[in-house]
Amino acid sequence: MLATQCQGDPAAPVIVLLHGFLGSKEDWTAVIEVLAKQYYCVSIDLPGHGESLNNSLPVPGFDACTSLIQQTLLQLKIKQYHLIGYSLGGRIALHLARHAPENILSLMLESCHPGLKSEDDRAARKTSDAQWAAKLNSLDIEDFLTLWYQQAVFTDLTTKQRQAMIQQRSANQASALGNCYQATSLAEQADLWDTPQIISAPCYFIAGSDDQKFLALAKRWQQQYPITIHPMAASGHNVHSAAPAAFSKQVMLLLEQASYNLKSSNGPT
């Protein structure tokens, strides 16, 4: 069973939250403080992260990871839930929705990639991820994090925010992170672009207005499949960290919309 943090009324509708690479279930604390007033919130430490250090994955590891999440939720006696995933957590959420669409009430993806389409892109990503994995295995964790947060996708972070993130993540274990990183590489991920069309639950994409890469990706996705984009002002790749109040408000609106649609589709009681 993966490590979990549960908050709210267990009788209320359930929200499952999946963090990104280097994160933990505590990343959602500010968001859960708002959502738990009306929902039962379950945040999960992904394999190799937080308190789930002993849960290693094969390569590729998406099927194994989704199986661990399903087993964890089964032990918590949770069957149907709203699913929120950020970055890596969003990519895993896509696999989870694909594996068990009947369990998903709504799917909210924050700054995540639905999959590479060409073999050339996969090969390039595999090479890049191998280089990052080598750095993770050879560098001190703080040196690795310093390099990691210099990537273009994190340019919205101030120096103070970047240092705070590095300090927050420095307790991670490199070997456990390395296993998860390679097992869940984008190069190993299936093409999941058509997931919003396959599952019956509504799908939403939340992206920071300053994250031009993922906003452009989301717009291409929306043009092809039934997923709606919700840009968030004054934030970059990690919206729920940069603007937790605005993110929580947006999520609450989407949950209300999803619940209304669900009741309408079920007809009058």
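The values are calculated or read from the model by the stated rules, or taken from the named source; none is laboratory data. Quantities reported herein were computed from a predicted structural model and do not represent experimental measurements. So basically every Cβ, Gly included, is an ideal-geometry build from the backbone, and we count neighbours across all protein chains shown.
The criterion of being touching a residue at least 40 places away in the same chain (Cβ under 8 Å) and out of contact with any His (no Cβ under 7 Å at 6 or more places or on another chain) does not hold for I15.
When every residue of region 32-49 is checked against the conditions, at least one turns out to be under 20 Å from G178 (Cα atoms), buried (at least 22 other Cβ atoms within 10 Å of the Cβ) and of a type in the set (D, E). Of all residues in region 183-229, those satisfying the criterion of being assigned to a loop (DSSP other than H, G, I, E, B) and among the polar types (S, T, N, Q) are T184, S185, Q189, S200, S209. Applying the selection to region 97-111, what residues are of a type in the set (A, V, I, L, M, F, W, C) and without any contact (Cβ under 8 Å) to a residue 60 or more places away in the chain? Correct list: A100 only. Comparison of E110, E102 shows that the only residue that is of a type in the set (D, E) and touching a strand residue (DSSP E or B) at 6+ places or on another chain (Cβ under 6 Å) is E110. Summed over region 51-75, the residues that are in contact with a helix residue (DSSP H, G or I) (Cβ under 7 Å, 6 or more places away or on another chain), crowded, with 19+ Cβ neighbours inside 10 Å and modelled with pLDDT of 95 or more give a count of 6.
Could we say that I206 is more than 19 Å from C65 (Cβ to Cβ) and either surrounded by fewer than 18 Cβ atoms within 10 Å (Cβ to Cβ) or modelled with pLDDT under 95 (or both) here? Judged against the criteria, I206 is not a match. For I78, the requirement of being buried (at least 22 other Cβ atoms within 10 Å of the Cβ), of a type in the set (V, I, T) and at pLDDT 95 or above is not met. Exactly one residue among A218, A190, A245 is modelled with pLDDT under 95 and either surrounded by fewer than 15 Cβ atoms within 10 Å (Cβ to Cβ) or within 19 Å of the chain's Cα centre (by Cα) (or both), and that residue is A190.
Pairs linking a residue in region 32-52 that is touching a residue at least 12 places away in the same chain (Cβ under 8 Å) and over 16 Å from H240 (Cβ atoms) to a residue that is surrounded by 24 or more Cβ atoms within 10 Å (Cβ to Cβ) and of a type in the set (D, E), with Cβ atoms under 9 Å and 6 or more positions apart or on different chains, do not occur.
Just so you know, in region 70-92 the residues that are touching a His at 6+ places or on another chain (Cβ under 9 Å) and not charged (D, E, K, R) include one that is nearest to S200 (Cα to Cα), and it is I84.
N137 passes every criterion in (1) within 22 Å of H237 (Cβ to Cβ); (2) touching a residue at least 40 places away in the same chain (Cβ under 8 Å) apart from (1). Here A176 meets each of (1) small (G, A, S); (2) under 29 Å from L68 (Cα atoms); (3) surrounded by fewer than 18 Cβ atoms within 10 Å (Cβ to Cβ) with one exception, condition (3). Scanning region 59-90 for residues that are among the aliphatic types (A, V, I, L, M) and without any contact (Cβ under 8 Å) to a residue 40 or more places away in the chain yields one hit, L74.
Take the conditions (1) of a type in the set (A, V, I, L, M); (2) touching a strand residue (DSSP E or B) at 6+ places or on another chain (Cβ under 7 Å); (3) under 19 Å from G20 (Cα atoms); I227 misses just one of them, which is (3).
Residue-by-condition table, conditions (1) at pLDDT 95 or above; (2) in a loop (DSSP other than H, G, I, E, B); (3) out of contact with any strand residue (DSSP E or B) (no Cβ under 9 Å at 6 or more places or on another chain):
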site	(1), (2), (3)
K117	no, yes, yes
T127	yes, no, yes
K135	yes, no, yes
L147	yes, no, yes
V153	no, no, yes
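Kindly indicate the residue of region 75-97 that is polar (S, T, N, Q) and not in a helix (DSSP H, G or I) and also farthest from C180 (Cα to Cα) among those meeting that condition. Among those that are polar (S, T, N, Q) and not in a helix (DSSP H, G or I), it is Q80.
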